[in-house]
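Just below is one structure, and these are the notes that go with it.
Just so it is clear, none of the values below were taken in a lab; they were calculated from the coordinates. The model shown is predicted, which means the values in this text are computed figures rather than measured ones. Cβ placement follows ideal geometry from the backbone for every residue including glycine, while neighbour counts extend to all protein chains displayed.
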Amino acid sequence: MAEKEETAVIKVTVPKRLQEKLKKISQQTGVPMSTLLVMAAVKEYNLVDEQEN
């Protein structure tokens with residue numbers, strides 16, 4: 001069984017226009033806004049972790 005990864009909470013403030021766009025995408029896709037932000041950051045900065053064996 002895989003071990004649970006330690007997590008952290010991050011709070012962000014974004015311009016209202018960006019929040020409205022994220023909310024619309026979130027509602028259309030069913031993906032939470034916080035997950036959309038993390039996905040964008042991972043893609044933009046190539047933050048994919050190497051798998052540990």
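Within the stretch 38-46, identify whether any single residue is part of a loop (DSSP other than H, G, I, E, B), surrounded by 10 or more Cβ atoms within 10 Å (Cβ to Cβ) and free of Cβ contacts under 8 Å to residues at least 12 places away in the same chain, and answer yes or no. There is no residue in the stretch 38-46 that is part of a loop (DSSP other than H, G, I, E, B), surrounded by 10 or more Cβ atoms within 10 Å (Cβ to Cβ) and free of Cβ contacts under 8 Å to residues at least 12 places away in the same chain. Does the stretch 26-34 contain any residue that is in a loop (DSSP other than H, G, I, E, B), without any contact (Cβ under 8 Å) to a residue 12 or more places away in the chain and in contact with a Ser or Thr (Cβ under 8 Å, 6 or more places away or on another chain)? Scanning the stretch 26-34 turns up at least one residue that is in a loop (DSSP other than H, G, I, E, B), without any contact (Cβ under 8 Å) to a residue 12 or more places away in the chain and in contact with a Ser or Thr (Cβ under 8 Å, 6 or more places away or on another chain).
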